[in-house]
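First the structure, in the form of structure tokens, and then the observations on it.
The values are calculated or read from the model by the stated rules, or taken from the named source; none is laboratory data. Keep in mind the model is a prediction, meaning the values are calculated, not measured. So basically every Cβ, Gly included, is an ideal-geometry build from the backbone, and we count neighbours across all protein chains shown.
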Amino acid sequence: MSSCHHESNSDKQLIPGKDSTASASKSAQMDADQDSESFLLPSPLQIASIFKNAGLVYFPGLTSTVKDASQYNSTYDEAVNMGIFSADLSYCILNKQTQEALDYLKVVKSMAEKLGFGSVFQSNSLMQRFQNNMGNTDSLAGVIADLQMETDSYLEANKQKYVGVIAFCGAWIESMYVGSKVYEKGKSSNVSSRISEQMNILDNLIKLLNKYQSADPHIKGLAKDLQDIQNEYAGYSEVKNFNPDGDQPIALTPEHVAQISSLVQDLRSKFIAS
């Protein structure tokens, strides 16, 4: 799981880090911490809630396939895919797909163990609490929130915030993929507006990636891929002509949602297929 409230002492990142990567990322982390800018990013559960409140419904088979954590061999791949699975976990929780949610939580736990943070699941009996509350959406969301806080403490202690940024990229990509695919099935203007809101979050996410480029060699390429999506969005007439002082959100046209969806799907395929 990953949410990123970076550059402050109240980060909420739900992604484990790995002790062996701490020294490699230390200088990049120190440089980023010295920057006074604060970029606030929501958690995958918050994004899922935004889409759910806009009318997003559950479609079987839309989320990624649960895979064995052992097939991911780098911190980067583990972090991105943990973010993807955390978005799917949130989507399932809010749509009362508790067995599917449990399957995603199990693979998140396995990946946390690979990344050196499996102990968080034992510290608060998170897996047992999750299983005991299956069917109670509010309680399950509370379990995930606790996982966020515990993971935040780990990242703070180990100076590995960049791992949380990478994970949030995976969660953002998956959330946008699910949101745009559900939109295609119903063409809801509410969902279209929420997709546009997530595009605004992307600008801050790219800034964070650029700040942590020296922490991992893959970050530069990921930032470029996301910037390409941002550039496409910024060129749309409804975005260019948007009045920020008005009371109406940006509602992308169906054609533009389809274009963004295609770019997101292409990027997602790099991780889902790997």
Please go through the stretch 197-216 and give me each residue that is surrounded by 21 or more Cβ atoms within 10 Å (Cβ to Cβ) and of a type in the set (Gly, Ala, Ser), ordered by number.
Ala215
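If you check Gly116 against the conditions, is it among the small types (Gly, Ala, Ser), out of contact with any strand residue (DSSP E or B) (no Cβ under 9 Å at 6 or more places or on another chain) and under 14 Å from Met82 (Cα atoms)?
Working: among the small types (Gly, Ala, Ser): yes; out of contact with any strand residue (DSSP E or B) (no Cβ under 9 Å at 6 or more places or on another chain): yes; under 14 Å from Met82 (Cα atoms): yes.
Taking the combined requirement at face value, the residue satisfies it.
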Taking the options Lys161, Lys109, name whichever one is closer than 22 Å to Ile47 by Cα and in contact with a Gly (Cβ under 8 Å, 6 or more places away or on another chain).
Lys109
Identify, by number, the condition in (1) modelled with pLDDT under 90; (2) more than 28 Å from Ala251 (Cβ to Cβ) that Thr75 doesn't meet.
(1)
Assess whether Glu174 counts as being of a type outside the set (A, V, I, L, M, F, W, C), assigned to a helix (DSSP H, G or I) and surrounded by fewer than 16 Cβ atoms within 10 Å (Cβ to Cβ).
no
Subset of the stretch 264-274 (residues that are among the polar types (S, T, N, Q) and either part of a helix (DSSP H, G or I) or surrounded by 16 or more Cβ atoms within 10 Å (Cβ to Cβ) (or both)):
Gln265, Ser269
Residues (surrounded by fewer than 24 Cβ atoms within 10 Å (Cβ to Cβ) and of a type in the set (S, T, N, Q)) located in the stretch 74-101
Ser74, Asn95, Gln97, Thr98, Gln99
Answer from Asn231, Asn243 - the residue that is more than 13 Å from Met176 (Cβ to Cβ) and more than 22 Å from the chain's Cα centre (by Cα):
Asn243
Being closer than 19 Å to Phe51 by Cβ and more than 18 Å from the chain's Cα centre (by Cα) narrows it down to one residue among Lys96, Lys114; which is it?
Lys96
Count - residues of the stretch 55-98 that are touching a Phe, Trp or Tyr at 6+ places or on another chain (Cβ under 7 Å), of a type in the set (A, V, I, L, M) and under 16 Å from Leu115 (Cα atoms):
2
In the stretch 56-72, residues that are β-branched (Val, Ile, Thr), out of contact with any Asp or Glu (no Cβ under 9 Å at 6 or more places or on another chain) and over 15 Å from Ser180 (Cα atoms) total 1
Do you know which of the residues in the stretch 35-58 that are part of a loop (DSSP other than H, G, I, E, B) and exposed (fewer than 14 other Cβ atoms within 10 Å of the Cβ) is modelled with the lowest pLDDT?
Ser36
Those residues of the stretch 117-145 which are surrounded by fewer than 18 Cβ atoms within 10 Å (Cβ to Cβ), over 17 Å from the mean Cα position of the chain (by Cα) and assigned to a helix (DSSP H, G or I), in sequence order:
Ser119, Gln122, Ser123, Met127, Gln128, Arg129, Gln131, Asn132, Thr137, Asp138, Ser139, Gly142
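Please state which one of Ser196, Ser123 is more than 24 Å from Tyr236 (Cα to Cα) and polar (S, T, N, Q).
Ser123
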Just one listed residue, out of Leu147, Leu115, Leu126, is of a type in the set (A, V, I, L, M) and more than 24 Å from Ser74 (Cα to Cα), and it is Leu126
Residue pairs qualifying under the 6 Å Cβ cut-off, at least six apart or on distinct chains, with the first in the stretch 81-106 being over 21 Å from Lys270 (Cβ atoms) and the second being of a type in the set (Val, Ile, Thr) and part of a helix (DSSP H, G or I), are Ala101/Ile93
When the stretch 151-169 is checked residue by residue, the ones that are under 17 Å from the mean Cα position of the chain (by Cα) and in a helix (DSSP H, G or I) are Thr151, Asp152, Leu155, Lys161, Tyr162, Val163, Gly164, Val165, Ile166, Ala167, Phe168, Cys169
Within the stretch 217-263, considering residues that are modelled with pLDDT of 95 or more and not in a helix (DSSP H, G or I), the one surrounded by the most Cβ atoms within 10 Å (Cβ to Cβ):
Tyr236
